[in-house]
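Notes follow the structure.
The values are calculated or read from the model by the stated rules, or taken from the named source; none is laboratory data. Bear in mind the structure is a predicted one, so any value in this text is a computation, not a measurement. Here the Cβ positions follow ideal geometry from the backbone for every residue, glycine too, while neighbour counts run over all protein chains shown.
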Amino acid sequence: MENKLRIEVPLMADRVSQGKFPEYLFWVGSAGAFDDRYKQVSRAFVKILQYLEIDYAVLGTEESSSGDVARRTGNEMLFQMQALMNIDIFNTYEVKKILTCDPHAYNTFKNEYPDLGGNYEVIHHTQFLYDQIKKGSLKANPSFLNGKKLVYHDPCYLGRANGEYKAPRKVLDSLGMKRVEMPRNKSFALCCGAGGGQMFKEAEKGDKEIFIERTEEAISTGADIIASACPYCMVMLTDGLKYKNYDDKIKNYDIAELIAMSLDL
Amino acid sequence: MIKQIVFIISLLLTLGVFAFTLRNLILKFKLTRPKPVRNIGKRLLITLKVALLQTKIFRKPIIGLMHALVFWGFLVILIGSVEMLVDGIFGLEHSFRFLGKFYDVIIASGDVFALLIRGFIIAFLFRRIFMHIKRFSGTEMKKWSHQDANIALAMIFFLMMTLTGMNSFYLLEAGVHGHEYTGVFPVSKYISVLFSGLSPRAIHLGYEINWWAHILTIFVFANYLPYSKHFHVFLSVPGVFFSKLEPPGKIDTMESITKEVKLMLNPETAFAASDDEEVAERFGVLDVEDVSWMSYFDALSCTQCGRCTAACPANITGKNLSPRKLMMDVRARMNEKAPGLIKDGQDYSDNKSLIRDYISEEEIWACTLCNACAQECPVNIDQPSLIIQMRRFLVMEESSAPAELNSIFSNIENNGAPWQFSQEDRMNWAEDLTMNSLK
């Protein structure tokens with residue numbers, strides 16, 4: 001605690017030029033690199049990787065869009081260009097395992113890149129953290145934020161799209177906080193409203209914004225913290241809390257941030 | 001003998017009409033785009049799970065159990081209906097009795113199910129007519145949709161009534177003649193008591209009336225279904241068999257584009273690959289002949305239950321998108337355009353299309369691709385794939401995506417991110433990063 005340790009995030013190009021092929025590629029993602037709020041999540045997750053002494057590296061300026069949003073907005077041509085370029089880079093660095101905090105990148109790497117010849121073991125950060133907890137190498141401080149109540153919002157592309165409901169909940173439970181569920185949870189969860197390209201455009205005309213509907217549901221649980229695990233969800237829920245004037249009463253954190261905070265990293 | 005002849009004539013009529021329907025249907029499927037069917041083993045498994053065991057209907061447990069019991073009852077009673085066909089054609093009675101103990105179980109459970117199903121049908125009709133259930137309404141639910149539901153329910157009710165009637169009078173007749181009867185009838189043996197005072201002639205007549213009413217209703221029902229939303233009864237089980245096996249988050253890769261993109265990224269291969277000239281197919285879906293046969297199958301097996309729409313975040317928040325409507329639109333558009341396409345071929349045009357005349361761009365762009373609709377669908381309909389296909393048409397054929405999306409496309413092309421940040425700044429997030437301790 002006394003000495004601050006400086007973290008140099010290792011670059012894939014540097015490591016490989018030294019003849020070392022890292023075990024994991026940490027895919028930061030466009031939001032993780034550019035969105036001010038989600039940069040904090042990338043930083044928190046990297047701290048955890050350092051803390052666990054994981055052999056990883058990032059692509060840095062060689063990283064580009066995964067193509068997920070292009071594909072989901074119908075631009076298959078652009079998606080395939082991005083995918084084939086990314087696969088080319090992954091193969092150059094002999095990438096075998098990809099870690100990411102973005103369920104959308106996770107989904108497209110895991111389920112869609114194989115069609116174009118890219119086969120990798122893809123791990124969402126919540127799955128990675130759960131794995132480390134199971135192995136005994138990661139123990140969150142259970143007295144962290146004692147007495148606070150927590151609710152988890154399922155990202156569509158981790159939950160419904162890939163059936164991962166357990167890992168994020170197990171990681172959260174290791175924090176020792178009381179965890180509640182929203183009425184619509186797991187496979188019944190309501191989308192935050194940002195998927196399918198909605199993040200980047202005005203919503204169509206309606207009675208209400210989807211992110212408000214979901215934020216209201218989260219507020220109704222009486223939780224002090226909304227935990228999320230997706231950059232889009234984070235933007236939407238944070239906006240929702242602001243809109244409802246709840247941003248000083250309820251905080252929205254990514255699971256990686258909560259773990260890093262509990263470890264006082 | 002006369003009974004046999006009348007039966008065979010009505011059966012032939014039924015089959016004739018059905019064959020006509022089937023022929024038209026095959027012609028319509030021929031208009032759609034091909035899609036390969038692989039993994040038969042996995043498909044059988046998913047059919048067992050989702051169709052036969054009805055796993056997804058239980059996401060709404062109470063009404064789900066009622067539907068599942070109706071479905072399982074229908075399967076049992078179907079065996080009895082096949083027996084009636086054999087009996088009718090060959091002038092026999094209870095020709096399946098050779099099945100022994102199994103026969104008794106089938107007949108007994110069919111007898112119980114007939115009563116149960118009548119109860120459920122009344123509950124279903126009550127829900128539809130007197131309770132305000134949100135998912136049964138919506139802009140796409142026109143008067144006909146409601147009538148169609150009620151007609152089918154009424155027919156099923158009548159079928160179950162005549163089945164019990166048939167069984168009850170069969171028991172009475174056996175009693176009158178003092179001979180043994182085949183099968184076990186836990187419900188009808190009590191119903192039959194109500195009619196025990198009738199004359200032998202009236203009892204015989206009662207049996208005949210119920211027998212004929214039952215089988216003729218089946219004949220009419222079978223030919224009504226293909227024109228109703230209850231085509232579901234025939235198509236939902238095969239629909240589940242053909243449904244998507246991949247993780248719900250996976251979108252199909254357009255292989256025709258892969259070739260093009262590889263050429264763009266690697267121009268040297270251009271000469272090697274240029275020998276197989278293909279007819280350029282339209283990208284995505286503009287009209288009904290662009291949909292895959294599977295999407296058309298989905299549209300036919302949809303029974304408009306509305307679970308998809310009730311779970312859709314866009315619909316919940318008042319947007320003009322209803323996944324159920326998309327399925328109904330595909331079916332309606334096919335009915336409208338198919339005759340012309342069949343007659344005049346691919347070039348036929350009625351100056352209308354699925355997009356815009358049926359499904360607006362507003363609907364297509366309101367979707368968050370959250371997959372809640374597909375998750376909810378009890379028969380595994382894949383609504384998101386149709387939405388993606390329509391978006392592909394709008395983006396790649398017309399470049400008519402909303403302006404904000406066009407700018408993220410150019411950002412991704414130019415700087416590799418949907419936002420306008422330079423790729424050179426991709427490591428800025430890691431600047432001045434420090435931590436407290438390393439264990």
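Looking across the stretch A:58-91, the residues that are touching a helix residue (DSSP H, G or I) at 6+ places or on another chain (Cβ under 8 Å), surrounded by fewer than 23 Cβ atoms within 10 Å (Cβ to Cβ) and touching a residue at least 12 places away in the same chain (Cβ under 8 Å) come down to A:LEU59, A:GLY60, A:GLU62, A:SER64, A:LEU84, A:MET85, A:ILE87, A:ILE89.
Mind checking which residues of the stretch A:161-176 are of a type in the set (A, V, I, L, M) and modelled with pLDDT under 95? Of everything in the stretch A:161-176, just one residue is of a type in the set (A, V, I, L, M) and modelled with pLDDT under 95, namely A:LEU175.
Checked against the criteria, A:LEU258 does not count as touching a strand residue (DSSP E or B) at 6+ places or on another chain (Cβ under 8 Å), under 25 Å from B:LEU369 (Cα atoms) and crowded, with 18+ Cβ neighbours inside 10 Å.
Conditions tested, residue by residue: (1) among the aliphatic types (A, V, I, L, M); (2) surrounded by fewer than 16 Cβ atoms within 10 Å (Cβ to Cβ); (3) modelled with pLDDT of 95 or more; (4) not assigned by TED's automatic domain parsing to the domain that holds B:ILE359.
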residue: B:GLY239; (1), (2), (3), (4): no, no, yes, yes
residue: B:LYS262; (1), (2), (3), (4): no, no, no, no
residue: B:VAL279; (1), (2), (3), (4): yes, yes, no, no
residue: B:GLY284; (1), (2), (3), (4): no, no, yes, no
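Taken over the stretch B:351-392, residues that are within 10 Å of chain A (Cβ to nearest Cβ), of a type in the set (Ser, Thr, Tyr) and farther than 17 Å from A:ALA189 by Cα amount to 1. Number of residues in the stretch A:37-49 that are at the interface with another protein chain (Cβ under 8 Å from one of its Cβ atoms) and crowded, with 21+ Cβ neighbours inside 10 Å: the value is 4.
Restricting attention to the stretch A:163-211, the residues that are within 20 Å of the chain's Cα centre (by Cα), part of a loop (DSSP other than H, G, I, E, B), surrounded by fewer than 18 Cβ atoms within 10 Å (Cβ to Cβ) and not small (Gly, Ala, Ser) add up to 2.
Conditions (1) touching a residue at least 24 places away in the same chain (Cβ under 8 Å); (2) among the polar types (S, T, N, Q); (3) in the same structural domain as B:PHE71 (by TED's automatic domain parsing), marked per residue:
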site: B:LYS101; (1), (2), (3): no, no, yes
site: B:VAL112; (1), (2), (3): yes, no, yes
site: B:PHE126; (1), (2), (3): no, no, yes
site: B:SER137; (1), (2), (3): no, yes, yes
site: B:MET141; (1), (2), (3): yes, no, yes
site: B:ASP148; (1), (2), (3): yes, no, yes
site: B:ILE151; (1), (2), (3): yes, no, yes
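Residues in the stretch B:397-432 that are surrounded by fewer than 19 Cβ atoms within 10 Å (Cβ to Cβ) and at the interface with chain A (Cβ under 7 Å from one of its Cβ atoms): B:PRO402, B:GLU404, B:GLU413, B:TRP419, B:PHE421, B:GLN423, B:GLU424, B:MET427.
Within the stretch A:92-101, the residues that satisfy the criterion of being in contact with a helix residue (DSSP H, G or I) (Cβ under 6 Å, 6 or more places away or on another chain) and away from chain B (no Cβ under 12 Å) are A:TYR93, A:ILE98, A:LEU99, A:THR100.
Is at least one residue of the stretch B:313-322 within 14 Å of chain A (Cβ to nearest Cβ), surrounded by 24 or more Cβ atoms within 10 Å (Cβ to Cβ), hydroxyl-bearing (Ser, Thr, Tyr) and closer than 28 Å to B:PHE241 by Cα? Yes, that holds for at least one residue. Screening A:CYS233 against (1) hydrophobic (A, V, I, L, M, F, W, C); (2) crowded, with 24+ Cβ neighbours inside 10 Å; (3) modelled with pLDDT under 95 leaves a single unmet condition, (3).
A:VAL16 satisfies every condition listed in (1) outside any helix (DSSP H, G or I); (2) more than 7 Å from chain B (Cβ to nearest Cβ); (3) modelled with pLDDT of 95 or more except (1). With respect to the conditions (1) without any contact (Cβ under 8 Å) to a residue 24 or more places away in the chain; (2) not assigned by TED's automatic domain parsing to the domain that holds B:ARG392, B:THR182 falls short on a single one, namely (1). Among the helices (runs of 4 or more DSSP H) confined to the stretch B:1-94, the ones with at least 3 residues that are free of Cβ contacts under 8 Å to residues at least 40 places away in the same chain and surrounded by 16 or more Cβ atoms within 10 Å (Cβ to Cβ) are located at B:61-90.
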